[in-house]
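For reference, the structure is listed below as structure tokens.
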Amino acid sequence: MFPLYKRRRMVQTQVVAGGMENDMSEQKDIYILAVESSCDETAASVVKNGRHVLSNVISSQIELHKLYGGVVPEIASRKHIEKINQVIEEALEQAEVTLEDLDAIGVTYGPGLVGALLVGVAEAKAISYARKLPLVGVHHIEGHISANYIENPDLEPPFICLVVSGGHTHLVRVRDYGDYEILGRTRDDAAGEAFDKVARAIGLGYPGGPKIDKLSKEGNPEAISFPRAKIADSPYDFSFSGVKSAVLNYLNSCQMKGQAVNRADVAASFQKAVCDVLVEHAMLAMEACGGDKLAIAGGVASNSTLREAFAKACKERGVRFYHPSPVLCTDNAAMIGAAAYYEYQKGVRHGWDLNAVPNLKLGER
């Protein structure tokens, strides 16, 4: 079923007295096949030593779910079943490795859509059992955080990471690999969820984030004053239901008064309100926790306005700013492979009872 290739091992050598080379020790590369199926992307990747991506294959369902204005869980699960063997085969072929070359299997087991997660978990367990390979379950948010390691060889914990996606908005202190402290989280809508709902309200369709980002470039971000929510007892927590409701109220008010709506201004003003809150809370956390490294991750982390705002704020404060490429911001298996590598190095192993956990909390095992 899977293509046959040979991988290459690295051997370190040392020049000793007399000019002769002598093997110091064989540094065995660790190859991990990672599987991601938590929502509407079926993905597989082969990652070497946690940071070198040999392949990253993603089968997206966006065009399918556009018909319904959002992800339909049952349809997503069925599509994962159709695609998962194909993406794994392609990932192995692109990486020029075989199942025999692998050291472990990493897989997302939560949080996410339970049916979608089960497809990836079942596939990973089957390969692990058949090839007698260690199985490493990975938290989806930990995967997003670990995406930053792939393109930033100098990034090491500790640092602060803001994870912003369609389902999550978390402000996390990364104390070490696999060691996290959640400083703040959303009390209601995630940032990406608010983007999707506002995009639908102004007639942009799904997915909302990229469409609002594009349209906002034609608008005035100061045209409309939308609220920036603050939570008195939790300065790092977020709330985006208020700004979403404010946009809907504005649109309804314009309709009742017969006023024309400038969609670009609405998009730009809404986007600025969300970005202002995300940047402000992250900077507060940086000041409180110290350190000089800040990373962002998740689908919304590919938003151009958010990246520009963070780059500016970090430069003003002398903070080093890290972010993945857009392809590594959305759901992908390379980030799961990176996270799995550090879990594997710590000795984390899962058994055949590994199950999908749709509401898995960061830091849980």
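Numbers at a glance
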item	result
Close pairs (7 angstrom Cβ cut-off, 6 or more residues apart or separate chains): closer than 18 Å to A340 by Cβ in segment 95-119, buried (at least 24 other Cβ atoms within 10 Å of the Cβ) and aromatic (F, W, Y) anywhere	L117/Y109
Breaking point among (1) assigned by TED's automatic domain parsing to the domain that holds A229; (2) farther than 22 Å from A190 by Cβ, for E308	(2)
Qualifying positions in segment 175-194 - under 19 Å from G219 (Cβ atoms) and either assigned by TED's automatic domain parsing to the domain that holds E63 or at pLDDT 95 or above (or both)	none
Hey, H170 part of a strand (DSSP E or B) and not acidic (D, E) or not	yes
Enumeration of residues in segment 223-237 that are more than 18 Å from N249 (Cβ to Cβ) and touching a helix residue (DSSP H, G or I) at 6+ places or on another chain (Cβ under 7 Å)	P235, Y236
Scope segment 235-272; condition aliphatic (A, V, I, L, M) and under 29 Å from the mean Cα position of the chain (by Cα); matching residues	V243, A246, V247, L248, A264, V266, A267, A268
Those residues of segment 22-72 which are of a type in the set (D, E) and touching a residue at least 60 places away in the same chain (Cβ under 8 Å), in sequence order	E36, D40, E41
Residue in segment 22-34 that is modelled with the lowest pLDDT, counting only those that are charged (D, E, K, R) and touching a strand residue (DSSP E or B) at 6+ places or on another chain (Cβ under 7 Å)	D23
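The rows are residues; the columns are (1) loosely packed, with under 14 Cβ neighbours inside 10 Å; (2) assigned to a loop (DSSP other than H, G, I, E, B).
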position	(1), (2)
R185	no, no
D189	no, yes
F195	no, no
V198	no, no
G205	yes, yes
D213	no, no
E222	yes, yes
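The values are calculated or read from the model by the stated rules, or taken from the named source; none is laboratory data. As the structure is a prediction and not an experimental result, all values here were calculated from the model. Here the Cβ is made from the backbone with ideal geometry for all residues, glycine too, and neighbour counts use every protein chain on show.
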